[in-house]
Amino acid sequence: MRVRLKGDAICTLFLLVALCSLLYSQLEHLVPVGNKQLTQKKPSVTPKTFSDSRAPWRPMPPEAMEPRLQVTPVLRQREVANKRVQTTTPSPLSDSAFNFKRYLLNKDNRNFNLLINQPKKCRRTPGGPFLLIAIKSVVEDFDRREIVRKTWGREALVNGKQIQRVFLLGTPKNRTVLATWETLIHQESQTYRDILLWDFMDTFFNLTLKEIHFLNWAAEFCHNVKFIFKGDADVFVNVENIVDFLERHDPTEDLFVGDIIYNARPIRVRKSKYYIPETMYGLSIYPAYAGGGGFLLSSHTMRKLSRACKEVELFPIDDVFLGMCLQRINLKPILHEGFKTFGIVKPSAAPHLQTFDPCFYKDLMVVHSLKVAEIWLMWNLLHSPRLSCTQKKQVKKPFQWKKKAQTTMQTSPLR
């Protein structure tokens, strides 16, 4: 009996020791896990270098989230902070969706550095150039810039008048894909001396920034120019017709000519590229404005617009914004039928008409939405010594181009 009790006691003691050992081993295992978790959390604690940033965080504009050409320590700290915040916030909006909240928070940021300048562009001609051609472009579109240089955008004498040229660019949207863009654009600038590059992201809704920065540049560095043509890189321009038209006008007087859109209504459909909520623009119609494919203005009007744009609140559609600036200086733009900034639509009353006929282009000033090859081909056809436009095709039923071939499109500022 005693032996059995003694055996039970020894067994119980052995089980107790084993249980204590198991518990102890579990405790030892838990302690490193806790320490490991603590060490993982340490990097997420805000470093002391950010302690001077007392203002609460708010969404940054896309420009601030992209790497700059020269990154300072402060900018690196901001990028680290932005990456840390982005891990807990929803993914950014797609390209097709416009963040109006972010735009309104940053709409007063309208002064960006000029990274590449051409300060002597308008000093090369005594008394200043007769016409300055300013073309909106993006870094990636070298082929379009090159075809403009070799065709209608040549820097030369046209009808005895000096023509000069500049391209207007912002920094590329996707810098990682175009890794060598900075080297390429600086090389292009050194070769042609016609690049103006500002330090804002080149997006559709930043075209308004391109508008105001160019006007400021022209007022400062090209104040001696007589007239300016401003347009897109995908247009065909008959410079001879433009010079002939401008010779009958005084550069010291107001002039703003183009394909003018009247009574256009703001687009309230969210899916539209041109959607504008009523909270941003409450009126039912826009002021008269020129289609962005191309327009002409005098140096006198350029200086007035440069001052007016500083007083008008920024608007995300550049064509409409410039119309607001024209309204500010109480200047009515002039409609000219030679500006086809919506392209050429063949009238149903003239099925024989070939809209790519060089004889038809010979009478126009600006035609929008042409491909690179089409611009090259049309320019060569128009300047061919074999071109003959004396024989007119017989028209069975006379027709006239409508005053606005794009009347059905006037509700949106399409390009």
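The values are calculated or read from the model by the stated rules, or taken from the named source; none is laboratory data. None of the values given here were measured: they were computed from a predicted structure. Backbone-built Cβ (ideal geometry, glycine too); neighbour counts: all protein chains shown.
Pairs under 6 Å by beta carbon, first residue within 21 Å of Val225 (Cα to Cα) in region 297-315, partner modelled with pLDDT of 95 or more and of a type in the set (Phe, Trp, Tyr), six or more apart or different chains? From residues that are within 21 Å of Val225 (Cα to Cα), the pairs are Leu297/Phe256; Ser298/Phe227; Thr301/Phe256. Among the residues of region 280-320, not one is part of a helix (DSSP H, G or I), more than 27 Å from Gly128 (Cβ to Cβ) and more than 21 Å from the chain's Cα centre (by Cα).
Picking from residues in region 210-252 that are among the acidic types (Asp, Glu) and part of a helix (DSSP H, G or I), the one that is surrounded by the fewest Cβ atoms within 10 Å (Cβ to Cβ) is Glu220. Close contacts from region 234-259, counting a first residue that is of a type in the set (Gly, Ala, Ser) and a second that is not in a loop (DSSP other than H, G, I, E, B), with Cβ to Cβ under 6 Å and a gap of 6+ residues or different chains, come to Gly258/Ala290; Gly258/Phe295; Gly258/Phe339.
The number of residues in region 131-146 that are part of a helix (DSSP H, G or I) and within 21 Å of Ile228 (Cβ to Cβ) comes to 2.
If you filter region 264-292 down to residues that are touching a residue at least 60 places away in the same chain (Cβ under 8 Å) and closer than 19 Å to Arg328 by Cβ, you find that the one that is surrounded by the fewest Cβ atoms within 10 Å (Cβ to Cβ) is Met280. Would a scan of region 148-159 turn up a residue that is over 23 Å from Tyr274 (Cβ atoms), among the small types (Gly, Ala, Ser), in a loop (DSSP other than H, G, I, E, B) and touching a Ser or Thr at 6+ places or on another chain (Cβ under 9 Å)? No, there is no match, as no residue in region 148-159 is over 23 Å from Tyr274 (Cβ atoms), among the small types (Gly, Ala, Ser), in a loop (DSSP other than H, G, I, E, B) and touching a Ser or Thr at 6+ places or on another chain (Cβ under 9 Å). In region 342-363, which residue that is under 31 Å from the mean Cα position of the chain (by Cα) and crowded, with 17+ Cβ neighbours inside 10 Å is modelled with the lowest pLDDT? Only one residue fits best here, namely Ile344.
Kindly evaluate Asn238 against the criterion of being in contact with a helix residue (DSSP H, G or I) (Cβ under 8 Å, 6 or more places away or on another chain), of a type in the set (S, T, N, Q) and within 16 Å of Leu132 (Cβ to Cβ).
Values: in contact with a helix residue (DSSP H, G or I) (Cβ under 8 Å, 6 or more places away or on another chain): yes; of a type in the set (S, T, N, Q): yes; within 16 Å of Leu132 (Cβ to Cβ): no.
Taking the combined requirement at face value, the residue does not satisfy it.
Selection of region 154-207 for residues being among the small types (Gly, Ala, Ser) and free of Cβ contacts under 8 Å to residues at least 40 places away in the same chain yields Ala156, Gly160, Ala179. Among the residues of region 256-265, write down those that are assigned to a loop (DSSP other than H, G, I, E, B) and in contact with a Leu (Cβ under 6 Å, 6 or more places away or on another chain). Across region 256-265, there are no qualifying residues. Does region 118-127 contain at least one residue that is surrounded by 15 or more Cβ atoms within 10 Å (Cβ to Cβ) and either outside the structural domain of Phe214 (by TED's automatic domain parsing) or at pLDDT below 95 (or both)? Checking region 118-127: at least one residue is surrounded by 15 or more Cβ atoms within 10 Å (Cβ to Cβ) and either outside the structural domain of Phe214 (by TED's automatic domain parsing) or at pLDDT below 95 (or both).
Among the residues of region 321-330, write down those that are within 24 Å of Val243 (Cβ to Cβ) and over 19 Å from the mean Cα position of the chain (by Cα).
First, the residues of region 321-330 that are within 24 Å of Val243 (Cβ to Cβ): 322, 326.
If the condition is that a residue be within 24 Å of Val243 (Cβ to Cβ) and over 19 Å from the mean Cα position of the chain (by Cα), then Leu326 is the only one that fits.
Would you please name the residue that is farthest from Trp198 (Cα to Cα), looking only at residues in region 103-122 that are in a helix (DSSP H, G or I) and in contact with a Lys or Arg (Cβ under 9 Å, 6 or more places away or on another chain)? Per the stated criteria, the residue is Leu105.
Against the condition modelled with pLDDT of 95 or more and within 17 Å of the chain's Cα centre (by Cα), how does Phe142 come out, does it pass? It is true that Phe142 is modelled with pLDDT of 95 or more and within 17 Å of the chain's Cα centre (by Cα).
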